[in-house]
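Worksheet for the structure shown next.
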Amino acid sequence: MSHSTFRFGTVPPITDPADLGTVLGIWAHPDDEAFLSAGLMAGATAAGNRVVCVTATLGERGTDEPERWPPDRLAALRAHELRASLAVVGVTEHHLLGITDGTCAAQPHGAVVRRLAGIVDAVAPDTVVTFGPDGMTGHEDHQTVSAWATEARAIAAPEARLLYATTTEEFVAGWLPARDAFDVFLAHGLPLRTPVSALAAELRLTRRELDRKIVALRAQASQTSGLLAAIGEERFRRWWSTESFVAAESVASRAREWGTWRVAA
Ligand SMILES: [Zn+2]
């Protein structure tokens, strides 16, 4: 397996999802998997690979209108949206951990890791994809899920490739005009990015994969319709047309720095 011989900057990145083998995605909220890996999932399932997805919470607090969408109502909606979204990219195996949105860091760490390790063991993935220690947006749930996934893989599938979602300068350059309007990335309104030369996987989505990704994202309208309406589909497509991942081993030395990022609110 290539990760065991990984040397920084010397191994060409994976560019075809078919090369990922059985994929296990481990995410915090519905839509994380779609924004960061819908193209990967679509390409992998189209190639006949098995793809399994784990979602820690239903993101039931993910609304600006909590009176209209109290947690129990939003949880039910997002569960339906997630199921539809995963179906678009050919994923039928899904595990929900049932954790309350926003409470990942407060959960009993060892117990969740053991439970997740049981899923990892059962799936026997060749590739695990999740957030990096930065949590991509800086969300504490994301950072916690990254830590859980990293430990669970070390316990149950140490030979599996572990990929952390990241971004590149190209994404950041595209995102800059939206930085103030959409308070998504913390701190400074921008995500951490990785030099292209350090990527372990760089998936420039085919038109077909991107079409499916956009449908998968649209399926989670409670989270995506506002952004889509504000920026238009063309930019929306362009921004999420590449999915970038870095090998966990290559950021281990930076994990301490990345893990200090926190949501301000
Ligand atoms: Zn999330």
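The values are calculated or read from the model by the stated rules, or taken from the named source; none is laboratory data. Keep in mind that this is a model prediction, so the values were computed, not measured. FYI the Cβ positions are ideal-geometry reconstructions off the backbone, even for glycines, and counts take in every protein chain you see.
Out of curiosity, is Asp141 crowded, with 24+ Cβ neighbours inside 10 Å, more than 12 Å from the ligand (Cβ to nearest atom), within 16 Å of the chain's Cα centre (by Cα) and not polar (S, T, N, Q)? Spelling it out, it is not the case that Asp141 is crowded, with 24+ Cβ neighbours inside 10 Å, more than 12 Å from the ligand (Cβ to nearest atom), within 16 Å of the chain's Cα centre (by Cα) and not polar (S, T, N, Q). Here Val196 meets each of (1) of a type in the set (Val, Ile, Thr); (2) closer than 22 Å to Ala181 by Cα; (3) surrounded by fewer than 16 Cβ atoms within 10 Å (Cβ to Cβ) with one exception, condition (2).
Being outside any helix (DSSP H, G or I), within 16 Å of the ligand (Cβ to nearest atom) and under 29 Å from Arg208 (Cβ atoms): is that true of Pro30 here?
yes
Filtered by the rule that a residue be of a type in the set (Ser, Thr, Tyr) and farther than 16 Å from Ala34 by Cα, segment 129-146 gives Thr144, Ser146. The set of residues in segment 38-83 that are touching an Asp or Glu at 6+ places or on another chain (Cβ under 6 Å) and within 13 Å of the ligand (Cβ to nearest atom) comprises Thr57, Gly59, Glu60, Arg61.
Here the condition is being closer than 30 Å to Arg238 by Cα and out of contact with any Leu (no Cβ under 9 Å at 6 or more places or on another chain); of Asp134, Asp121, Asp101, Asp141, it holds for Asp141 alone. Within segment 14-27, can one find any residue that is within 16 Å of the ligand (Cβ to nearest atom) and part of a helix (DSSP H, G or I)? Within segment 14-27, not a single residue is within 16 Å of the ligand (Cβ to nearest atom) and part of a helix (DSSP H, G or I).
Within the option set Ala160, Ala156, Ala152, being aliphatic (A, V, I, L, M), over 12 Å from the mean Cα position of the chain (by Cα) and crowded, with 24+ Cβ neighbours inside 10 Å holds for one residue only, Ala152. Of the helices (runs of 4 or more DSSP H) contained entirely in segment 95-199, those carrying at least 1 residues that are touching a Lys or Arg at 6+ places or on another chain (Cβ under 9 Å) and at pLDDT below 95 fall at 140-156, 169-175.
Within segment 164-189, the set of residues being among the hydrophobic types (A, V, I, L, M, F, W, C) and under 20 Å from Gly232 (Cα atoms) comprises Phe171, Val172, Ala173, Trp175, Leu176, Ala178, Ala181, Phe182, Val184, Phe185. Kindly provide the set of residues from segment 15-35 that are over 20 Å from Ala124 (Cα atoms) and surrounded by fewer than 24 Cβ atoms within 10 Å (Cβ to Cβ), ordered by number. Listed by number, the residues that qualify are Thr15, Asp16, Phe35. Close Cβ contacts (under 8 Å, 6 or more residues apart or on different chains) running from residues in segment 61-81 that are assigned to a helix (DSSP H, G or I) to residues that are away from the ligand (no atom under 15 Å from the Cβ) comprise Leu77/Trp69; Glu81/Ala219; Glu81/Ala221.
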